[in-house]
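Heads up: the structure comes next, in C-alpha cells.
A short reminder: the numbers here are calculations on the coordinates, not readings from a lab. Small disclaimer: the values here were computed from a predicted structure and weren't measured. Here Cβ is always computed from backbone atoms with ideal geometry, including for glycine, and neighbour counts include all displayed protein chains.
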Amino acid sequence: MSHSQLTEGIVPGRLDPERYCTNFADVAPPLGAQEARIAADRCYFCHDAPCMEACPTSIDVPLFIRQISTGTPEAAARTIFEQNILGGMCARVCPTETLCEGACVRMDSEGEPVEIGALQRFATDTLMAKQDHPFTRAPRTGKSVAVVGAGPAGLAAAHRLAMLGHEVTLYDAHDKPGGLNEYGIASYKAPGGFAQAEVAWLVQIGGITAVENWQLDRKGDGDLADLLADHDAVFLGMGLSGVNALHLEGEDKDGIRPATDFIAELRQASDLASLPIGRDVVVIGGGMTAVDAAVQSKLLGALNVSLVYRRSRGEMPASLHEQEHALTHGVTIIENAAPIAIHGNGAVREVEFAYTRKGPDGLEMTDATFRLPADQVFKAIGQTLGDTPAKVEVAGGKIKVDGVGRTSVERVWAGGDCTHAGEDLTVTAVAQGRDAAQDIHHVLMEG
Amino acid sequence: MADLRSEFIGIKSPNPFWLASAPPTDKEYNVRRAFEAGWGGVVWKTLGSEGPPVVNVNGPRYGAIYGADRRLLGLNNIELITDRPLEVNLREIKSVKRDYPDRALIVSLMVPCDEDSWKAILARVEETEADGVELNFGCPHGMAERGMGSAVGQVPEYIEMVTRWVKQHSRMPCIVKLTPNISDIRGPARAAKAGGADAVSLINTINSITSVDLDDFAPEPTIDGKGTHGGYCGPAVKPIALNMVAEIARDRDTAGLPISGIGGVTTWRDAAEFMTLGAGNVQVCTAAMTYGFKVVQEMISGLSEYMDRKGFTNTSELVGRAVPNVTDWQYLNLNYVTKAEIVQEDCIKCGRCFAACEDTSHQAIAMSEDRVFTVKDEECVACNLCVEVCPVECIEMKQMAKGSVDPRTGETVGDYANWTTHPNNPSATAAE
C-alpha cells in the first residue's frame with residue numbers, strides 16, 4: 001500500500017510493515033532473573049505494608065518479593081494468586097504508580113518505588129510458563145452458580161467459586177472470554193495473546209463451563225429468571241457495554257466512533273498494517289481509554305493525535321504515568337476544552353472546541369474557541385451500563401451492591417465495572433468478584 | 001593530605017595497607033600489579049619447605065555468602081600454601097623487592113614443626129632481602145591436617161617454640177600470624193611474645209562451611225560431591241577480628257605488642273577501626289579479591305581525609321586510641337540511660353522498628369492508624385534494635401540527663417555506677 005503518514009483520510013498501511021511489530025511490542029518488557037533479584041533486594045519487608053494496603057486485592061507484596069529474592073518465584077506467584085487470580089494481567093495493566101508503588105515507602109526516601117508490578121509479573125510469568133495451576137478444588141458442594149461476563153470480575157468469581165467446590169457456568173457475550181482484558185486494553189500492555197493464555201490457565205482449576213456468545217436478556221439466550229431457575233446463585237459481572245454520547249449535531253458523521261470499539265478492533269486485528277487510521281486524529285476524553293486510543297493511533301501511523309479533556313490535566317482520570325506515556329509517544333494533550341461542534345460534509349473534517357473554566361455551578365464554556373482538523377474522532381467520555389435485568393436495582397447508572405456484592409435481588413450478586421462500587425480498574429473488579437464468590441459460598445453453605 | 005607513611009616493627013611502607021598472605025600475593029606478576037596500584041606492602045603467599053610443592057584441588061577453591069545485590073559478605077577458601085616451587089618464589093621475591101625498595105615485602109612461612117626445617121627456610125628467605133617473615137600458624141584447612149598452620153597456632157607451647165627458633169636463626173623481624181580457631185586469643189599472643197615475636201598478625205581465617213548444595217547435599221565449595229571446611233574471611237569476620245585485636249591490645253601481658261590487623265578490612269573506615277583498637281597497620285585480602293587492587297586508592301584517600309579532619313599527622317596517632325575504652329561488661333555505667341527517639345520528618349513509615357520491637361523486644365514502639373511510629377519511654381530499655389533495623393537511620397538514642405527519672409524504672413538517673421557495686425550482685429554484697 002502506498003500510503004504514508006501524510007496521506008489524508010482514514011487509510012491503512014501508513015508505516016513500513018516492520019514498524020507495526022516494534023510499535024506494538026511489550027510496553028514494559030519483563031524483568032530477567034538478575035534484574036528481578038536486584039529489584040527484589042530493594043524491598044524493606046515493611047510491617048503492615050502500605051503497598052499491600054494500597055492493593056485492592058490486598059496481595060501480600062513484601063512476602064512475595066521476599067520469596068522472589070530467595071529464589072522461589074513459584075511460591076511468590078502462589079502468594080499473589082491466592083489474593084488475585086488475575087495477578088498476571090494486573091501486573092501488566094494496574095496503574096501501580098497510584099496503587100502499590102505509589103504507597104511504597106521508598107517513594108519517601110528516594111522517590112523510586114520498588115518495582116512491584118514488574119516483580120509481580122516476573123513471579124506470575126514464571127509459574128504460568130510452567131502451565132502449573134497452583135490450586136485444587138475443594139470437595140464438590142453440589143451447588144451451581146451462573147457467572148455472567150467472563151471479564152476480570154467474572155473470571156475471579158468463577159475461579160474462586162470453582163475452587164470452593166461449586167459448579168460454575170460462565171456466560172459471555174463475546175467469541176472469546178476475557179472481557180476488557182481481551183477487548184478493552186491497549187495491545188502493547190498484554191501482547192502475545194496473554195489474556196487468552198491467562199483464561200486457559202485459570203480454568204485449569206476445573207468445574208468451569210464456558211458458554212460463549214450468550215447475552216443476558218437476548219432472545220433465545222435467557223434472562224435472570226432462567227438463570228435463577230437453573231442455578232443456586234447468579235453473579236453479574238458484565239461490565240459496561242454502552243458509551244456516552246457527545247450530544248452534538250453531526251455526531252453520526254463518518255469517522256466518529258467510540259474509542260472502545262477502536263481498541264477492541266485493534267486488539268483482535270491479525271494484521272495491524274491493514275487497520276485504517278486517520279491522519280489527524282482527535283480523542284475526546286481523559287481516562288485510560290482515551291490514552292490507550294490516542295497512543296495506539298499514533299503507533300498506527302497517525303500524523304497528529306490530540307487528546308482533548310474538558311478539565312485540567314491534574315483532574316484527568318488517567319494517571320500522570322499514563323499521561324506521560326501519551327506525551328512521549330507524541331500525543332498532544334489539550335486540557336480545559338470541550339467539543340461544541342462537529343464540522344464536515346458526510347465525514348468529519350474538523351472538531352470545534354470551547355475552552356472551559358470553573359464556574360459556581362461547575363464547568364462553564366468560555367467564548368474562546370478553536371478548531372482541530374480531524375479525519376477521525378474517538379469518543380472516550382465514559383461508558384454506561386447496557387441493558388440490565390429490570391428487577392436489579394440501579395443507582396447512579398450502575399448496579400447497586402452492598403459491601404460483599406449482594407444486589408437488590410436475592411441470590412444475585414454483582415461486581416466489577418457494572419457496579420457502582422470502587423474504581424473501574426481490573427484489580428478492583430478482581431477483588432469484587434473474589435469477595436462476592438466468598439459471600440455466595442457462605443450463603444450457599446449456610447442455607 | 002595527611003601523611004600515611006607507616007613504620008611497623010621497623011619496616012617502612014608508604015601507607016599502612018598491606019596485602020595479606022593469600023592468593024593475590026602468590027606471584028611476582030600479581031605483586032607488581034599490587035604495588036603499581038598503590039599498596040604499601042605485601043605479605044607473600046606462604047612458602048613451604050624445599051622439595052615437591054603442595055598440590056591444590058582442581059575444582060572450586062572458594063565459597064561465598066552474599067548480601068543484597070549479591071554483594072559478597074563472606075568468602076571461604078580451601079586453597080593451600082603456594083603450590084609453586086620454592087626457588088621460583090624466592091627468585092621472584094628478590095626481583096620485586098629490588099624494584100620496589102620503598103614497599104614492605106614480608107614472606108609468609110609454613111614448614112614442619114622441627115628446628116632444621118625452619119633454620120633451612122630462613123636462610124633462603126634472608127637472601128631475598130625481604131623485610132621480614134610472618135609465621136603462618138593460622139590456616140585451618142588442609143595443612144592443619146599435616147601438623148602445620150592452625151595445628152601449631154592452637155598450641156601456645158608450639159607457637160613459643162617455633163617463634164624462638166625463628167628469632168634464633170634469623171635477624172629478620174618476625175610476625176606471628178594467629179588463628180582465631182581457639183577459645184581465647186590471648187594465650188597464643190602471649191606465647192608469641194614469650195618466644196620473642198616482634199609482632200602478631202590476626203586474624204587468619206575461621207573454620208567454616210559457607211553453604212550446602214541442596215540438590216547434591218554437599219557442602220560448598222563442592223569437589224566431586226564432597227566438601228571440607230575452609231577458611232572464612234571477608235566483611236563478615238571483621239567483628240570477630242576487631243574483638244581479638246582489642247583483647248590482645250588491652251591484655252596486661254601483651255599490651256604494646258605490635259599488631260597487624262587482619263579480617264574483613266574493606267574500606268578506609270575498617271582500617272581505621274582496626275588501628276584505633278591497637279593495630280599498627282592492616283592487611284587486606286578479600287576486598288582485593290572481590291574488587292581488584294584498585295580498592296587501595298579509596299583506603300588511602302579515605303584514611304587521609306579522616307586524619308586531616310581529626311588533625312592527625314601520623315598514623316601512629318591513631319593506633320590504640322580506642323583501646324582504653326574497651327572494658328569488661330561489669331564496668332559499664334548502669335546509670336547511663338538512653339531512650340530511642342524517632343525523627344519523624346525523616347521516617348519513611350516502613351514499620352520495621354515496630355515489628356522488631358513488638359515481636360522480638362519490649363513492645364516500646366507505638367504505631368498509630370496513620371502509621372506514625374513513636375517510642376514509649378516507659379517501655380524502652382534502649383536496646384538499640386530499632387536503630388539497627390531502620391533502613392534510613394532516622395532513630396537516635398538520646399541520653400537522659402542526670403537527675404531525671406526513667407519512666408520505665410521510676411528511678412532517678414544518678415552518677416556512674418556499675419555491676420561491681422550493684423545490690424543484685426552477690427559478689428558485691430559479699431564484699432561489703
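One table, with the values for the structure above:
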| item | result |
| --- | --- |
| Contour excess over end-to-end distance, with Cα ends at residue B:55 and residue B:362 and 0.36 nm allotted per residue | 105.0 nm |
| Percentage relative contact order, chain A, counting C-alpha pairs under 8 Å, at least six apart | 18 |
| Antiparallel %, DSSP beta bridges [both residues in chain B], to 5 | 50 |
| Within the stretch B:242-270: backbone nitrogen closer than 18 Å to the residue B:309 label point (7 Å, Cα to C-beta) | B:266-270 |
| Percent of alpha-carbon pairs separated by more than 42 Å within chain B | 24 |
| Helix runs (DSSP H) in chain A reaching 27 Å along axis by Cα, Kyte-Doolittle at least -0.5 | A:426-446 |
| Estimated FRET transfer efficiency (residue B:218, residue A:270; beta-carbon r; R0 51 Å; 0.05) | 0.45 |
| Inter-site label distance for residue B:404 and residue B:88 at 7 Å from Cα along Cβ, in nm | 6.7 |
| Within a Gaussian network of chain B (alpha carbon springs, distance under 10 Å), most fluctuating of B:371, B:124, B:171 | B:371 |
| FRET efficiency for residue A:48 and residue B:171, using Cβ-Cβ distance with R0 set to 41 Å, rounded to 0.05 | 0.05 |
| Compactness of chain A - radius of gyration and Dmax, Cα, Å | 22.6, 68 |
| Ranked list, fewest to most other Cβ atoms within 10 Å of each Cβ, for A:257, A:140, A:42 | A:140, A:257, A:42 |
| Chymotrypsin sites (Phe, Trp or Tyr not before Pro) lying in DSSP loop within the stretch B:156-248, provided at most 16 other Cβ fall within 10 Å | B:217 |
| Once the Cα gyration tensor of the stretch A:308-447 is diagonalised, semi-axes √(5λ) in Å | 40, 17, 15 |
| Projected-area average for the protein assembly as shown over all orientations - Cα convex hull basis, square nanometres | 52.2 |
| Fraction of beta bridges assigned by DSSP in the stretch A:243-379 that are antiparallel (%, nearest 5) | 50 |
| Footprinting exposure proxy for A:89, B:1 (fewest neighbouring C-beta atoms within 10 Å first) | B:1, A:89 |
| R0 of 25 Å, Cβ-Cβ distance residue A:329-residue A:349: FRET efficiency to nearest 0.05 | 0.50 |
| Given chain A, longest segment not containing exposed loop GluC sites (Glu not before Pro) (DSSP; at most 14 other Cβ within 10 Å) | A:252-392 |
| Cα centroid separation, the stretch B:385-399 to the stretch B:277-347 (Å) | 19 |
| Extent along principal axes [Cα atoms of the stretch A:33-129; Å; largest to smallest] | 35, 27, 22 |
| Estimated inter-spin distance, residue A:228 and residue B:126, nm [label 7 Å along Cα→Cβ] | 10.9 |
| Diffusion constant of the stretch B:221-263 at 10 °C, which comes from Stokes-Einstein with the Kirkwood Cα-pair radius and 1.306 mPa s, µm²/s | 126 |
| Ratio of Rg to Rh over the stretch A:40-95 (Cα coordinates, Kirkwood Rh, two decimals) | 0.94 |
| Computed label-point distance, nm, for sites residue B:209 and residue A:313 using a 7 Å Cα→Cβ extension | 6.1 |
| In the stretch A:354-438, the trypsin sites (Lys or Arg not before Pro) that fall in loop regions by DSSP, at most 14 other Cβ within 10 Å | A:391 |
| Low-density loop positions, trypsin sites (Lys or Arg not before Pro), the stretch A:190-277 - DSSP coil, at most 14 other Cβ in 10 Å | A:218, A:219 |
| The stretch A:147-196-the stretch B:358-372 distance, computed between alpha-carbon centres (Å) | 42 |
| Proximal charge balance of residue A:255 [Cβ under 12 Å; K/R count +1, D/E count -1] | -2 |
| Residue order, fewest to most beta carbons within 10 Å, for B:421, B:163 | B:421, B:163 |
| Spread of Cα-to-Cα distances over 5 Å intervals beginning at zero, given as percent, for the stretch A:183-300 | 2, 8, 15, 17, 15, 14, 13, 9, 5, 2, 0 |
| Two-decimal ratio, the stretch B:61-184, of alpha-carbon radius of gyration to 2.2 N^0.38 Å | 1.18 |
| Stokes-Einstein diffusion coefficient of the stretch B:330-420, Kirkwood radius over Cα pairs, 20 °C, 1.002 mPa s, in µm²/s | 155 |
